[in-house]
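Below you'll find the structure I mean.
What follows draws every value from the coordinates through simple rules; no lab data is involved. What you see is a predicted model, and the numbers here were worked out from it, not measured in a lab. So basically every Cβ, Gly included, is an ideal-geometry build from the backbone, and we count neighbours across all protein chains shown.
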Amino acid sequence: MLGTEPKPPKISVVILNYNGQQWLERCFESLERQTIFPALEVIFSDNKSSDGSDQYAAAWLEKTGRGRVVQNGANLYYCGANNNGAAAATGEFLLFLNNDTWLEPDCLEKLYDETVKAGADAAAPMVLDYTSDNYQGGGESCVDWFGIPTGGPAATSVIETFASPGCSLFVRTETFRKIGGFPPELLIYADETDVSWRVWISGGKIVCVPNARVHHRGAAVVNPEGKTVAVESRTSETKRFLANRNGILLLMKNGQHLLLLLLIPHLLLLLAEALVSLILVRRWSYVRKSYLSAIAAAFGMHQHVREWRKRISGFRQRGDFWMLRFLRLKPSRWDEVMRLFKFGAPKVDAK
């Protein structure tokens, strides 16, 4: 009918990219095969790639007519780039999708339908290995008594869960904007848990949708050996610094009062990990930057913490006593212990 406005897309897929052309063909192909592809919008948020991946994406988007490239002009990491992508989105939901992923054909239809049916504000799809159906995760189901988010066994039905995975975070656009999006200062790591915690304390709900299946390589930038399959344990001083710093900030910002006490065992665990890392890696510079400097940096960001605590208080509907339902006594570092047995001591890049 003349004058009728077109319906907004159901899902805006925001793809973060930095020199990731090797992953894009399969990622785009899987999007094009989605059963609800006509209801999708694709926002390609590029951190000034130099491998031609932004031009590759632009050509695909022109061919399909499903979205556009947002060129950030610099490496804004996960948080800044995804915020820019979300700002350009018009969909009912946002799917923050890493470029080293591919989706099974009915993934987004099931993810959308089950999330709406559950009355949820966000969701965690089932994440499988890139080249197989081996279970990789389904977000974080709880928080251990060290204050560290941890996953659980593969869900068999739609259930509530604590956090959506960062490689495929699905969240209602209105909710994402209401709770402030990703804090740019985090850069990368723990960002998806930060957003998920705020979804819950704002009065929202997150569900795991196990029949929505995403395949993910994981750590493709920091651990590239093996291409589609990880063949070693590799990290970097910067990655561990940011992960450790942001894990502390996660508690300092989102804990209301009681859960702030988790900072004590959390810091003790980091110091114990620093000692073990010194024995395994035998490099003091790694321990100093990745652990000691990370702790100091987190407490040095007191202005950031104060600003976000004030902001969160403006929309908080659930306090720490309500959030205790996600607290578990079982420690969450078991996956890292198993990786140590499988690959040996991690190789550390000094960058």
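If we only count helices (runs of 4 or more DSSP H) wholly inside segment 1-88, which ones have 1 or more residues that are charged (D, E, K, R), free of Cβ contacts under 8 Å to residues at least 60 places away in the same chain and buried (at least 21 other Cβ atoms within 10 Å of the Cβ)?
53-64
Checking the condition more than 30 Å from Pro8 (Cα to Cα) and either of a type in the set (Lys, Arg) or touching a helix residue (DSSP H, G or I) at 6+ places or on another chain (Cβ under 6 Å) (or both), which residue from Phe162, Phe146, Phe182 passes?
Phe146
Can you tell me which residue within segment 135-152, out of those that are touching a strand residue (DSSP E or B) at 6+ places or on another chain (Cβ under 6 Å) and not in a strand (DSSP E or B), is nearest to Arg198 (Cα to Cα)?
It comes out as Gly139.
Follow-up question, since we're still on this one. Looking only at residues in segment 90-120 that are polar (S, T, N, Q) and part of a loop (DSSP other than H, G, I, E, B), which one is nearest to the chain's Cα centre (by Cα)?
Here the residue is Asn99.
Which ones in segment 153-172 are part of a loop (DSSP other than H, G, I, E, B), of a type in the set (A, V, I, L, M, F, W, C), over 18 Å from Met323 (Cα atoms) and touching a residue at least 60 places away in the same chain (Cβ under 8 Å)? I'd like the intermediate steps shown before the answer.
Let us first name the residues in segment 153-172 that are part of a loop (DSSP other than H, G, I, E, B), namely 153-158, 161-162, 164-167.
Subsequent filtering for residues that are of a type in the set (A, V, I, L, M, F, W, C) retains 154-155, 158, 162, 167.
Right, trim to over 18 Å from Met323 (Cα atoms) and you get 154-155, 158, 167.
Cys167 - this is the single residue of segment 153-172 that is part of a loop (DSSP other than H, G, I, E, B), of a type in the set (A, V, I, L, M, F, W, C), over 18 Å from Met323 (Cα atoms) and touching a residue at least 60 places away in the same chain (Cβ under 8 Å).
OK, next. I want to confirm something. Restricting to segment 198-214 and keeping residues that are touching an Asp or Glu at 6+ places or on another chain (Cβ under 9 Å) and of a type in the set (Lys, Arg), which single residue is surrounded by the most Cβ atoms within 10 Å (Cβ to Cβ)?
Across segment 198-214, the extreme among qualifying residues is Arg213.
State all residues of segment 173-202 that are of a type in the set (A, V, I, L, M, F, W, C) and not in a loop (DSSP other than H, G, I, E, B); if no residue qualifies, say none.
Residues satisfying the conditions are Phe176, Leu186, Val195, Trp197, Val199, Trp200, Ile201.
Quick one: what pairs do we get from segment 98-125, first residue surrounded by 24 or more Cβ atoms within 10 Å (Cβ to Cβ), second in a loop (DSSP other than H, G, I, E, B) and among the hydroxyl-bearing types (Ser, Thr, Tyr), C-beta under 6 Å, 6+ apart or different chains?
Taking only residues 6 or more apart or on different chains, the pairs are Ala122/Ser164; Ala124/Thr161; Ala124/Ser164.
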